[in-house]
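Each remark here refers to the structure printed beneath this line.
Each reported figure results from applying straightforward, stated rules to the coordinates on display, with no laboratory input. As the structure is a prediction and not an experimental result, all values here were calculated from the model. All Cβ positions, glycine included, derive from the backbone under ideal geometry; neighbour counts span all protein chains shown.
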Amino acid sequence: MAAIFFLNGAGVASWVVRIPAVQARLALTPGVLGLALLGAAVGALVAMPLAGRWVVRRGSGPVTRLAAVGFAAALVLAPLAASALALALALVAFGALNGALDVAMNAQAATVERGYGRPIMSSFHALFSWGGLAGAAVGGLVAGAGVAPTWHLLGAAVVVGVAAPLVARPMLPG
């Protein structure tokens, strides 16, 4: 379960480190970029309550696995955007899937924490941060090497999309 938090952090950081390149390619002003970035928040706000209901209905394990694969696929959308509107829509999808993953993986982490009988949630969240550190470091190196954002985020998507369902197999019911 902890690896899902790490992968999520790495995926988010992989996107964040490429924002300047996407902004430059689309020639977005800071204001237009800011509006496009709101798409992620809108997607999360819509998806998170729905994900909570889905977790209650299906269990956090299956929802975590599916949302992680969707999140991975959504990593590739932003660098493919051809306009500010397309970027905003790509980020709605990214935010929705990241939000759904957030709800599901935290529900599973709460189940694990109950099994331990002591507080361990902060350990899961620390792994998100470590993943963010790793994703930002790799992203910076890849960007510095001149790799296009699309190829970089496609690579990140493959890693997250393949690894997440594998590490998310042994989940507790609930």
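Over the C-alpha atoms of the range 2-167, the Rg to Rh ratio, Rh being the Kirkwood estimate, stands at 0.99.
Would you please name the trypsin sites (Lys or Arg not before Pro) within the range 36-105 that are DSSP coil residues with at most 13 other C-beta atoms within 10 Å of their C-beta?
On the way: sites: Arg53, Arg57, Arg58, Arg65; in loops: none.
In loop regions of the range 36-105 (DSSP not H, G, I, E or B), there are no sparsely surrounded trypsin sites (Lys or Arg not before Pro).
Long hydrophobic helices in the chain: the complete DSSP H runs spanning 18 Å or more by Cα along their own axis with mean Kyte-Doolittle hydropathy of at least -1.0 are 2-16, 30-58, 60-74, 84-116, 121-144, 149-167.
When +1 charges are put on Lys and Arg Cβ atoms and -1 charges on Asp and Glu Cβ atoms, the dipole computed for the chain relative to its Cα centre reaches about 320 debye. Anyone know which of Ala126, Ala68, Ala88 comes out most mobile in the 10 Å Cα GNM of the chain? Among Ala126, Ala68, Ala88, the largest GNM mean-square fluctuation belongs to Ala126.
Taking Lys and Arg as +1 and Asp and Glu as -1, the other residues whose beta-carbon sits under 14 Å from that of Trp151 total +2. Summing +1 for each Lys or Arg and -1 for each Asp or Glu, what net charge is found among the other residues whose Cβ lies under 13 Å from the Cβ of Val103? It works out to a net charge of +2. With K and R counted +1 and D and E -1, the other residues having a Cβ less than 13 Å from that of Ala47 yield a net charge of 0.
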